[in-house]
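Please treat every number below as a calculation from the coordinates, not as lab data. All figures in this text were calculated on a predicted structure; none of them were measured in a lab. Cβ atoms come from the backbone with ideal geometry, glycine included; neighbour counts cover every protein chain shown.
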Amino acid sequence: MSAPLLEARALTMRFGGVTALDALDLVVNEHEILGLLGPNGSGKTTFFNVVTGLYAATSGQVLLDGKLLTRQSPQAVYRAGVTRTFQRSRLSLPLTVFDNVAIGQTQHLNQGLIFNLLQRKALRAQFEQTVEQVHALLQTFSSSMAAKMWQPAGSLSMIDRRRVEVCRALISNPRLVLLDEPSAGMTHDETRELMDDILKVRAQLSPFTVVIIEHEMGVIQRITQRCVVLNYGKKIAEGSFDEITRDPEVQVAYLGQEVAA
Ligand SMILES: Nc1ncnc2c1ncn2[C@@H]1O[C@H](COP(=O)(O)OP(=O)(O)OP(=O)(O)O)[C@@H](O)[C@H]1O
Ligand SMILES: [Mg+2]
């Protein structure tokens, strides 16, 4: 069997008295779509925050392709090919769709004033290339998205804003994309549409690996190959959607919460 793309080993994250991740062992295989489930407060977002370098783990390790990712800066994790969307939207609403998507991509343009003054032609070429890349990615979603490239993100509907967030996570051609509740705030139909879009884009681009946190179980059932369930920062089950929903420990953890679609 090939080595996993991402591996967490005994990953622990404490916030004062709260243990958000408790010696978590978790493997993400290359090219799979993995569902990360668990009741509210079970540590799902914390896992993303630790993997992407926003939080420094209390102990344990995260490996990408066997190389240590723990204690790297968010920029280094991004350069290593791991991107994400956030549970709460992080779009800059007054900025254009282009600006919001290109934000990650243009980080490398910041090479100092002297360089910028001397290399204006090179910068112009880089900018034009970025415009082309962003346009092509938006076009992969739909021509109507591409037509909105110079509109402020704030003028877009909720579902289009989500598409912009997903594009921002995809513009750097990542190997691993972490999606934190992409359906939050959307209707059933919009959620279905967005998931279809993500699958379509994934089929057209290189088949990047996805970890998706999602409370809407219909989505998880439809798009994931495998699921991991957390409770109090510990892994309590893993397997196919059908397997984990039959698991008695999962049913107890979700007691009072809806686990079936
Ligand atoms: N920055 C922080 N400071 C203090 N406590 C935190 C912080 N981030 C998370 N926690 C705590 O860690 C635990 C796990 O939170 P986390 O946000 O990872 O849960 P979650 O599974 O994403 O929940 P939800 O489904 O509600 O988004 C919770 O008890 C939360 O209060
Ligand atoms: Mg969360």
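Loop-located chymotrypsin sites (Phe, Trp or Tyr not before Pro) in the range 138-235 (DSSP state other than H, G, I, E, B) with a sparse environment of at most 12 neighbouring Cβ atoms within 10 Å: Trp150. With K and R counted +1 and D and E -1, the other residues having a Cβ less than 15 Å from that of Lys200 yield a net charge of +2. Computed on the Cα atoms alone, the convex hull of the chain gives a volume of 146 cubic angstrom per residue. A simple count of charges around Ala153, restricted to other residues whose Cβ falls under 13 Å of its Cβ and scoring Lys, Arg +1 and Asp, Glu -1, yields +3. Would you compute, from DSSP H runs of 4+ residues alone, the mean residue ellipticity of the chain at 222 nm, taking -39500 (n - 2.57) per run and dividing by the full residue count, rounded to the nearest 500? So the helix-based figure for the chain works out to -11500 deg cm²/dmol. Neighbours of Leu63 by Cβ distance under 10 Å: Lys/Arg scored +1, Asp/Glu scored -1, total 0.
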